[in-house]
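Undergrad: I am attaching a structure below and will ask some questions about it afterwards.
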Amino acid sequence: MKFKKTLIAVSILALAAASFVFVLPKAGVDVASVKTPDLILNRFMPWRLGLDLAGGSALVYDIDLSAVERSEQQSVLNGLKDVIERRIDLYGVSEPRVRIIDKGDKKQLLVELAGEKDLAGAAKQIGETPLLDFRENCTFTEEMISCTQTELTGRYIKSAVVMTSAQGLSRPVVSLEFNDEGAKLFEEITGRNIGKPLAIFLDNDIVDAPVVEEKIVGGKAQISGGGIDMESASILVERFNAGALSAPITLVNQRMVNASAADDSMRQIIFAGLIGLGAIAVFMIIMYRSLGLIASLVLLLYIAFTLGVFKLTPGFTMSLAGITGFILSVGASVDAIILIFERAKEEMAHGASRKAAIESGFKFAWSSIRDSNINTIITSVILYAFTSSFVKGFALTLMIGIIVNLVVTFTVTRNILRFLVRDKKAVSSK
């Protein structure tokens with residue numbers, strides 16, 4: 001039995017040590033001399049830090065869904081998000097965050113580029129993604145061009161290449177191939193416009209208006225005219241292959257978070273966290289003596305395990321809101337320990353041995369700890385499901401922290417106490 005307890009305790013401590021190595025800086029790194037994003041990197045994988053911790057750029061776009069049927073809006077939004085992510089990948093920004101958020105009755109696109117300092121360049125690159133659509137029933141006058149927009153847009157483009165026009169070796173043509181759905185739409189549109197012009201618009205500017213001679217099957221079209229030269233044709237092809245926007249977007253807000261300010265925030269958070277942990281440890285030792293010392297050790301283990309889970313969670317990004325949720329989960333861990341120890345003190349006051357008192361503490365405190373933590377988890381799930389932006393980060397870290405707290409309290413803490421606490425008659429812990 002003693003060997004089993006020793007093995008469990010050693011395994012827990014080894015896992016905790018591995019967790020600390022996983023979440024802390026590399027050995028030999030001068031923490032004071034590195035920038036915030038490098039502060040918590042190690043040889044395994046980096047933390048994903050939000051703008052408020054790493055600095056960078058944030059762009060907010062209004063999305064125009066006025067020409068999209070309500071039943072197709074979600075599909076269009078998902079396609080728009082995918083396209084913007086591909087555009088940012090071409091721009092060279094690592095780990096971007098692209099989200100669709102609700103703003104009243106409107107939809108907005110939030111693009112967060114951690115570590116990106118060229119705000120104007122990023123906005124230009126994203127905003128210049130081409131918006132392609134085909135229009136019919138066109139009326140041409142000297143003053144204006146009036147057309148009816150069709151359902152066929154750049155969202156249906158499968159691929160694009162630059163070709164040379166048959167009429168002239170120096171005249172470039174952008175050849176488009178649509179996916180199956182787009183090919184079907186193109187066939188229907190050309191079929192009902194035989195002998196009529198079918199205008200091709202790029203970013204709301206007409207670039208070509210060829211007359212349809214026959215129904216076109218196979219899902220292929222060409223863009224020429226409109227002053228397109230080889231350079232502009234190459235750019236168009238690059239952007240179409242990355243994805244054309246499925247709905248127009250308008251930049252409405254942009255901001256930059258200074259990296260040095262983010263660095264200061266991180267250092268202040270770490271300092272405040274160390275002060276808080278020290279104060280909790282002093283309080284626990286004063287109140288519970290040796291048990292308080294053990295509880296302080298277990299609290300460090302809980303922090304290591306929780307940070308390890310955060311880092312392993314796919315797509316997890318640590319932000320100031322997330323740190324707030326994590327701190328609340330640490331408070332819940334301390335509450336659980338206090339509930340257990342207070343019950344143990346009562347048992348020891350009635351003459352129970354320390355080991356028996358601690359077992360009773362875990363037994364009788366379980367229902368209170370379970371109920372309070374489940375309520376917190378339910379609240380976190382609701383916040384995560386029905387909110388957006390930084391509130392989601394807060395809810396996710398709080399939920400993960402509470403779940404880890406339940407596991408650590410009734411497995412790690414219990415086994416560590418069983419291993420370290422000697423079986424003797426109760427003494428006053430006051």
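The values are calculated or read from the model by the stated rules, or taken from the named source; none is laboratory data. Note that this is a predicted model, so its numbers are computed, not measured. As a convention, Cβ positions derive from the backbone with ideal geometry for all residues, glycine included, and neighbour counts pool all protein chains shown. With ligands, DNA and RNA removed, areas are computed over all heavy atoms of the protein, side chains included. Shrake-Rupley method; radii C 1.70, N 1.55, O 1.52, S 1.80 Å.
Undergrad: Could you calculate the contour length gain from M163 to F22, that is, 0.36 nm times the residue separation minus the distance between their Cα atoms, to one decimal place in nm?
TA: 45.6 nm
Undergrad: Once you place label points 7 Å from the Cα toward the Cβ at K2 and Q73, how far apart are they in nm?
TA: 7.1
Undergrad: Residues with amide H under 5 Å of N193's amide H, sequence separation 5 or more or different chain, H placed in the peptide plane at 1.01 Å from N; which?
TA: Under 5 Å from the amide H of N193: no residue qualifies.
Undergrad: Using only the alpha-carbon atoms of the stretch 129-216 as identical scatterers, what base-10 log of I(q)/I(0) does the Debye formula give at q = 0.16, 0.20 Å⁻¹?
TA: Evaluating at q = 0.16, 0.20 Å⁻¹ gives log10 I(q)/I(0) of -0.69, -1.06.
Undergrad: Between T379 and S146, what length in nm is gained on full extension when 0.36 nm per residue of separation is reduced by their alpha carbon distance?
TA: Length gained, T379 through S146: 78.6 nm.
Undergrad: Starting from the 7 Å offset along Cα-to-Cβ, what nm value, one decimal, do you get for the label separation of D229 and F386?
TA: With each label point 7 Å from Cα toward Cβ, the separation is 5.8 nm.
Undergrad: Determine ³J(HN,Hα), in whole Hz, for all residues of the stretch 354-361 in sequence, where each value follows from phi through the Karplus function 6.51 cos²θ - 1.76 cosθ + 1.60 and θ = phi - 60°; x replaces Gly and Pro.
TA: Along the stretch 354-361, the couplings run 5, 5, 5, 5, 5, 4, 5, x Hz.
Undergrad: If I model a spin label at Q254 and T324 as a point 7 Å from the Cα along the Cα→Cβ vector, what separation in nanometres do I get?
TA: With each label placed 7 Å out from Cα toward Cβ, I get 2.8 nm.
Undergrad: Amide H to amide H, which residues 5 or more places from E116 or on other chains are under 5 Å from it, using H placed in the peptide plane?
TA: S57
Undergrad: Here's another thing I want to ask about it. Amide H neighbours of A209 under 5 Å, at least 5 residues apart or on other chains, H built in the peptide plane: list them.
TA: Hits under the 5 Å cutoff: I200.
Undergrad: I would also like to ask the following. Out of the total accessible area of the stretch 274-412 (probe 1.4 Å, heavy atoms of protein only), what percent is carbon and sulfur?
TA: Details: 4580 of 6200 Å².
Exposed carbon and sulfur together represent 74 percent of the surface.
Undergrad: If you take the beta carbon distance between R289 and A356 as r and set R0 to 22 Å, what does 1/(1 + (r/R0)^6) give as a FRET efficiency, to the nearest 0.05?
TA: Numbers: r = 18 Å, r/R0 = 0.81.
Once rounded, the FRET efficiency stands at 0.80.
Undergrad: Which of rounded, prolate, oblate describes the stretch 275-321, given a ≥ b ≥ c as roots of the alpha-carbon gyration tensor eigenvalues and a/c under 1.5 marking rounded, otherwise prolate only if a/b is larger than b/c?
TA: oblate
Undergrad: Note the full-extension length gain between V211 and S368 as 0.36 nm times their separation in residues minus their Cα-Cα distance, in nm to one decimal.
TA: Taking V211 through S368 to full extension adds about 48.9 nm, to one decimal.
Undergrad: Across the stretch 182-190, in residue order, what do the Karplus-derived ³J(HN,Hα) couplings come to in whole Hz, using 6.51 cos²θ - 1.76 cosθ + 1.60 with θ = phi - 60° and x for Gly and Pro?
TA: x, 4, 5, 5, 5, 5, 5, 5, 5
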